[in-house]
Amino acid sequence: MRLWYTPTLRQHDVGVLFAGETNVMDQVIPPGTTFVTHGLCSGQCLRRGMGDLTKGIHVFAYVLHAHLLGRKIQTRHIRNGVQIGWLGKDSHYDFNYQQTRSFSEERVVLPTDDIITECHYDSSARKNVTHGALSALDEMCFAILFYYPRVNMSWCTSHVPLRLQADVVGIPAGDDKSVWQYQKKPRPALLSALGRVTWNATTIASLQQLQMGRQRVSCESADGHRLIEASFTAEYPVFTALNDNDRKCPVH
């Protein structure tokens, strides 16, 4: 490892932004299938985080991160209803080969843009639901973006509330709180009930459809304070997407 230092401060400090799925147990990946989560970093959060920085931030490198079920990760950069590029893409993601990648040309993210990180999972070898959490046997979904100039924003993520997911797979509401009311820890009874769901093509498709609907957004500063109230929600943006253009590896 080589370290460079200088007595002369650079013009800008570097910031790190996590864009993707909020790392909470509300993240649900059904067993025995393939599944895609969509983490939204909304323009409303970016505007709050960038403040008066109307010219935006310059993204120069990224790391894509999921756990053992991750097979593909891609981060879409959306402006005015059109995807203008990628802020990260790995069509053959491997948990054991994660690395920082630099852009040949910096990407400028404006405070009115949206960022969507999609994580493709393969849970075909599992018999139980996988949730979002810290263990490698749980899951995550992030694009970690390195940018300048640094602003007071480190987290721009989203998730579909657990109660809403339970509704579409047929778990009765019981005495759970409102779907959109923030809960730091989901009710144990609800988590247990999800573990007893009979997963089939219908329940999986219903759960998948929620990923491109209304989501709860977490927008936090570098020191862990919320930039927008906990109940902030956003609709999944309507946009014209770029073709994935996944490259196929030759088979020998």
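The values are calculated or read from the model by the stated rules, or taken from the named source; none is laboratory data. It should be emphasised that the depicted structure is a prediction, and the values quoted were computed from it without experimental measurement. Reconstructed Cβ throughout: ideal geometry from the backbone, glycine too, with neighbour counts over all protein chains shown. These area figures cover heavy atoms from the full protein model, side chains too; ligands, DNA and RNA do not enter into them. Shrake-Rupley method; radii C 1.70, N 1.55, O 1.52, S 1.80 Å.
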Margin query: Name the single residue that is least open to solvent (accessible area, probe 1.4 Å) among those in the range 113-125 being over 13 Å from the mean Cα position of the chain (by Cα) and farther than 17 Å from L207 by Cα.
Written below: D113
Check: When you look at R10, is it open to solvent by 10 Å² or more (accessible area, probe 1.4 Å) and part of a strand (DSSP E or B), yes or no?
Finding: no
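Results for (1) open to solvent by less than 50 Å² (accessible area, probe 1.4 Å); (2) on the phi > 0 side of the Ramachandran plot; (3) of a type in the set (G, A, S), shown as yes or no for each residue.
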position: P188; (1), (2), (3): no, no, no
position: R196; (1), (2), (3): no, no, no
position: A201; (1), (2), (3): no, no, yes
position: M212; (1), (2), (3): no, no, no
position: E220; (1), (2), (3): yes, no, no
position: G224; (1), (2), (3): yes, yes, yes
position: E229; (1), (2), (3): no, no, no
position: T240; (1), (2), (3): no, no, no
Next item on the list: Could you please let me know if M25 is of a type outside the set (G, A, S), more than 30 Å from D138 (Cβ to Cβ) and either under 14 Å from the mean Cα position of the chain (by Cα) or open to solvent by less than 50 Å² (accessible area, probe 1.4 Å) (or both)?
Entry: no
Item checked: Residue pairs meeting the criteria (Cβ under 7 Å; at least 6 apart or on separate chains; first surrounded by 16 or more Cβ atoms within 10 Å (Cβ to Cβ), in the range 89-109; second assigned to a strand (DSSP E or B) and of a type in the set (F, W, Y)) -> F103/F60
Note to self: If I filter the range 158-176 for residues that are modelled with pLDDT of 95 or more, outside any loop (DSSP other than H, G, I, E, B) and surrounded by fewer than 21 Cβ atoms within 10 Å (Cβ to Cβ), do I get at least one hit?
What the structure shows: no
Checklist line | Residues of the range 145-157 classified as within 25 Å of K89 (Cβ to Cβ) and open to solvent by 60 Å² or more (accessible area, probe 1.4 Å), total | finding: 2
